[in-house]
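The values are calculated or read from the model by the stated rules, or taken from the named source; none is laboratory data. Keep in mind that this is a model prediction, so the values were computed, not measured. Here the Cβ positions follow ideal geometry from the backbone for every residue, glycine too, while neighbour counts run over all protein chains shown. Remember, those area values only see protein heavy atoms, side chains included, never the ligands or the DNA or RNA. Shrake-Rupley method; radii C 1.70, N 1.55, O 1.52, S 1.80 Å.
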Amino acid sequence: MLDEKLEPIFNEVLQRNPGENEFHQAVREVLDSLGAVIAKHPAYAEAALIERICEPERQIIFRVPWIDDKGQVRINRGFRVQFNSALGPYKGGLRFHPSVYLGTIKFLGFEQTFKNALTGMPIGGGKGGSDFDPKGRSEQEIMRFCQSFMLELHRHLGEYTDVPAGDIGVGQREIGYMFGQYKRITNRYESGVLTGKGLTWGGSRVRTEATGYGASYFVERMLGTRKQEFDGKKVLVSGAGNVAIYTMEKVAEFGGKVIACSDSNGYVVEENGIDLDLLKEVKEKRRGRVSDYAKARGNGAKFIAGGRIWDVPADIAMPSATQNELTGADAATLIKNGVIAVGEGANMPCTPDAVHKFLEAKVLFGPGKATNAGGVATSALEMQQNASRDSWTFEDTEERLATIMHNIHDTCAQTAEEYGAAGNYVLGANVAGFIRVAEAMRALGVV
Ligand code: NDP
Ligand code: 2IT
């Protein structure tokens, strides 16, 4: 049940944003945590502060025309939702996926605002993307699309205004094409306008690895509160993209055994552990599928088309593909099979029902806005290096990432305890993130 002061706020969000289910879901989860805050500090319910947090500062929707390899004109829709700039320039990734619509970008921008606040770094929240489907597109088509997308988006960006990065379907290749186009249009080598760049053109070491590494640091720390560790545990990592691959890498370094990963066609299970070098070769070099990995790997690996990775018995689950990929029924299966920890590498991968089941069963549960914050935190480190025209070593950068993740973990844990919900990282993350944004918004007045 929502607090009586929060109920009308949520109803207004439903009314003003019809049909945007993922956005409703993300707002609802945060509001569910805020009852405890306004009970303790009624001032946060004043000056329409919470209403303002739920309303993006600016929403940009634009046409992206491009010409495919057959000479046919194609039209996609581009988005940038500049959600909240109380703490710094808007910051958040770009997603290229056919499922993208305004509700996707709004939920991601809303989450990003609190996530970025949790990092403790000076970054506001934003998100963007397009319903463009990169699958099966040639290199030339990808470049033309990125250039057309940036031709419009550039006027809304800037190192002090809005700084995008990657997300689903957008990696270093796409960031390169977009940075090249931005540089050409503006005639400025403004490195700090995008993050996730390549190392020879302004990128930061560890940014590629950061989300997956960070998620692993977070979960290792969570396990530590119960005197547990990754070492010797069986781990499921859904997805096989940027976040999944570097989660698998760090989990293996911690001694865990990743026995399954997936993509939108199905999952591969391998009791002796996934061969990460081969998976990287298939995914990053050949841009292949998980089924291609299984084929190349041979006997030990089994590909299950269309199956649910969460059916595989394991100790730890790290959903790292997309939103709502782990349902209440999946959670029940994982719990029955003895799962002890779940860390959200993706944004909102667990449905509300699944989250509820994990919390009820006292499974250690790391929500995405805390667990996957290492990516954006390292983006902020990239911005720092760009601003000082410096470049740090891998070791130095990774150490900073580890410290940030430990701090986020401890902040969430302490906040949960302070608000009478010890062990509930969902509440801890929402409350700690909210308070940091709310404090800045109060100081800046009604803007
Ligand atoms: P990638 O594009 O690199 O990889 C996405 C992976 O998830 C692919 O294996 C893809 O499979 C799978 N996937 C995507 N959509 C679906 C779907 N609808 N159903 C099933 N599988 C799907 O993206 P990232 O690894 O960067 O992002 C993964 C998640 O992590 C997203 O939720 C993103 O928002 C979040 N995230 C990313 C960060 C980053 O730094 N990149 C930072 C923080 C969070 P297929 O190839 O079949 O589409
Ligand atoms: O969801 C996310 O935090 C990201 N996709 C990374 C954002 C960023 O600006 O690095």
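Annotations for the structure displayed:
- Among the residues of segment 328-353, just one is within 15 Å of ligand 1 (Cβ to nearest atom) and at positive phi, namely Met348.
- Checking each residue in segment 68-91 for being on the phi > 0 side of the Ramachandran plot and either within 14 Å of ligand 2 (Cβ to nearest atom) or in contact (Cβ under 8 Å) with a residue 40 or more places away in the chain (or both) picks out only Gly88.
- Single residue of segment 393-447 satisfying the filter (part of a loop (DSSP other than H, G, I, E, B) and of a type in the set (Val, Ile, Thr)) that is least open to solvent (accessible area, probe 1.4 Å): Thr393
- Cβ-Cβ distances below 7 Å connect the following pairs, each with a first residue in segment 199-212 that is open to solvent by less than 20 Å² (accessible area, probe 1.4 Å), a second residue that is within 12 Å of ligand 2 (Cβ to nearest atom) and basic (Lys, Arg), and a separation of six or more residues or different chains: Gly203/Lys197.
- Taken over segment 273-315, the criterion of being outside any loop (DSSP other than H, G, I, E, B), of a type in the set (Gly, Ala, Ser) and either open to solvent by 60 Å² or more (accessible area, probe 1.4 Å) or closer than 19 Å to Gln172 by Cα (or both) is satisfied by Ala305 alone.
- Contact map, segment 429-442: first residue within 26 Å of Gly343 (Cα to Cα), second residue crowded, with 24+ Cβ neighbours inside 10 Å and basic (Lys, Arg), Cβ cut-off under 8 Å, separation 6 or more or different chains; pairs are Ala429/Lys369; Asn430/Lys369; Gly433/Lys115; Gly433/Lys369.
- Annotation for segment 354-372: at least one member residue is farther than 18 Å from Gly239 by Cβ, within 12 Å of ligand 1 (Cβ to nearest atom) and surrounded by 21 or more Cβ atoms within 10 Å (Cβ to Cβ).
- Within segment 1-41, the set of residues being farther than 19 Å from Ala416 by Cβ and among the acidic types (Asp, Glu) comprises Glu4, Glu7, Glu12, Glu20, Glu22.
- Pair list, Cβ < 6 Å and 6+ apart or interchain, from segment 339-367 residues that are assigned to a loop (DSSP other than H, G, I, E, B) to residues that are charged (D, E, K, R) and away from ligand 1 (no atom under 16 Å from the Cβ): Ile340/Asp315
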